[in-house]
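**Student:** Below you will find the structure I want to go over with you.
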Amino acid sequence: MARRKQIYEGKAKILFEGPEPGTLIQYFKDDATAFNNQKRAVLEGKGVLNNRISEFVMLGLERIGVPTHFIRRLNMREQLIRHVEIIPLEVVVRNVAAGSIVKRLGLEDGAALPRSVIEFYYKNDALGDPLVAEEHITAFNWATPQEIDDMMSLALRVNDFLAGLFTGVGIKLVDFKIEFGRQYEGDLMRIVVADEISPDSCRLWDMESGDIMDKDRFRKDMGGVTEAYREVARRLGVLRDVEGAGARGPVLVSDNEK
Ligand code: TMP
Ligand code: ASP
């Protein structure tokens, strides 16, 4: 097979030219970074797990009518996606106080917020992705007021979907980050959920024990990162074909499959 043309390499993913116009292939690396690339590691099997978890979430979103860039998973590390124009914003939805909002507003870590809070960060590594207001977004033309409205209502629908999904498997959705893209079809344009939704981009706490099951394990040097991601995948029921991702030693399969 001819070598595919690389379009872009990010911190955790690579984008290649897709098989048809308007498509791309999104490859999930095992690389983990935090604090704007200051902390780095390779976590064996993380890419495989995030590919599967993100596929599962994106398919669920499509099913409830939230448009996404996802077309289909191709293999263990790759998925076919629609080529979209990424809006340069990270949209964060918070249900519980954790992370940067705790420091910024002097909140108690783990306190429920009075309601879900949406924040926008300007996607710019050199500036460390600063928090911005709608005023900045419209003044600098990163998105129009209509697009901001669309992103906010989609972000809340994603929040409701994810909160329900994770509650069902004993996990509290503390917060998450999503990105949006503009998908053009002839003269029409629509805003779709892009990038990935995985334990790299969510805060997930076990409801019983309070255990951290997301990238904070890496940020805080807690260890057991891929093990936690694998447990998230297992609870969502997507682990079957990723057994062995980052695991050592033999893998037990159910008796009737032997
Ligand atoms: P924060 O509390 O550090 O602002 O993070 C909020 C949420 O966004 C949390 O779920 C982690 C996620 N996030 C990313 O996905 N990428 C980032 O670069 C940052 C800073 C946070
Ligand atoms: N994704 C960001 C980075 O790589 C920060 C983070 O997730 O903490 O540096």
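**Student:** Can you tell me what percent of all Cα-Cα pairs in the range 153-211 are more than 13 Å apart?
**Tutor:** More than 13 Å apart: 66 percent of the Cα pairs in the range 153-211.
**Student:** Sum up the charges of everything whose Cβ sits under 12 Å from the Cβ of residue 71, counting Lys and Arg as +1 and Asp and Glu as -1, but leave residue 71 out.
**Tutor:** Local charge sum for residue 71: -1.
**Student:** To continue, here is another question. Take 20, 78 and order them by how many other Cβ atoms sit within 10 Å, fewest up front.
**Tutor:** Going from least to most buried by this count: 20, 78.
**Student:** Also, quick follow-up: Semi-axes of the equivalent ellipsoid of the range 1-80: what are they in whole Å, largest first, if each equals the square root of 5 times a C-alpha gyration tensor eigenvalue?
**Tutor:** Computed over the range 1-80, the values are 22, 18, 12 Å.
**Student:** Provide the gained length on full extension for the span residue 6 to residue 153, in nm with one decimal, where the gain is 0.36 nm per separating residue minus the Cα-Cα distance.
**Tutor:** Gain on stretching residue 6 to residue 153: 49.6 nm.
**Student:** Which log10 I(q)/I(0) values, to two decimals, does the range 36-172 give at q = 0.11, 0.20 Å⁻¹ under the Debye formula with one point per Cα?
**Tutor:** Per q value, in the given order, log10 I(q)/I(0) is -0.52, -1.55.
**Student:** Considering the dipole of the range 1-148 built from charges on the beta carbon (Lys and Arg +1, Asp and Glu -1) around the Cα centre, which of 48, 67, 12 is farthest to its positive end?
**Tutor:** Final value for the positive-end residue is 48.
**Student:** Separate question: So if R0 is 30 Å, what FRET efficiency would residue 116 and residue 208 give, r being the distance between their Cβ atoms, rounded to the nearest 0.05?
**Tutor:** Calculated value: 0.85.
**Student:** Over the range 110-156, what per residue volume does the convex hull of the Cα atoms give, in whole Å³?
**Tutor:** In the range 110-156, the Cα hull volume divided by residue count equals 100 Å³.
**Student:** Express in % the proportion of alpha carbon pairs of the range 22-68 at distances exceeding 14 Å.
**Tutor:** Roughly 63 percent, rounded to a whole number.
**Student:** In a solvent-free Debye calculation with one equal scatterer on each Cα, what is log10 I(q)/I(0) for the chain at q = 0.12, 0.14, 0.17 Å⁻¹, listed in the order of the q values?
**Tutor:** -0.73, -1.02, -1.55
**Student:** Follow-up. For the pair residue 190 and residue 133, how long in nm is the line joining their label points, each one 7 Å along Cα→Cβ?
**Tutor:** It is 3.4 nm.
**Student:** Hey, if you put +1 on the Cβ of every Lys and Arg and -1 on every Asp and Glu Cβ in the chain, which of 165, 213, 89 ends up farthest toward the positive end of that dipole?
**Tutor:** Result: 213, furthest along the dipole toward the positive end.
Any read-out appearing in this document is the output of simple, stated calculations on the displayed coordinates, not a laboratory observation. Because the structure is predicted, anything quoted here is derived from the model rather than measured. Neighbour counts are summed over all protein chains in view; Cβ atoms, including those assigned to glycine, are modelled from backbone coordinates with ideal geometry.
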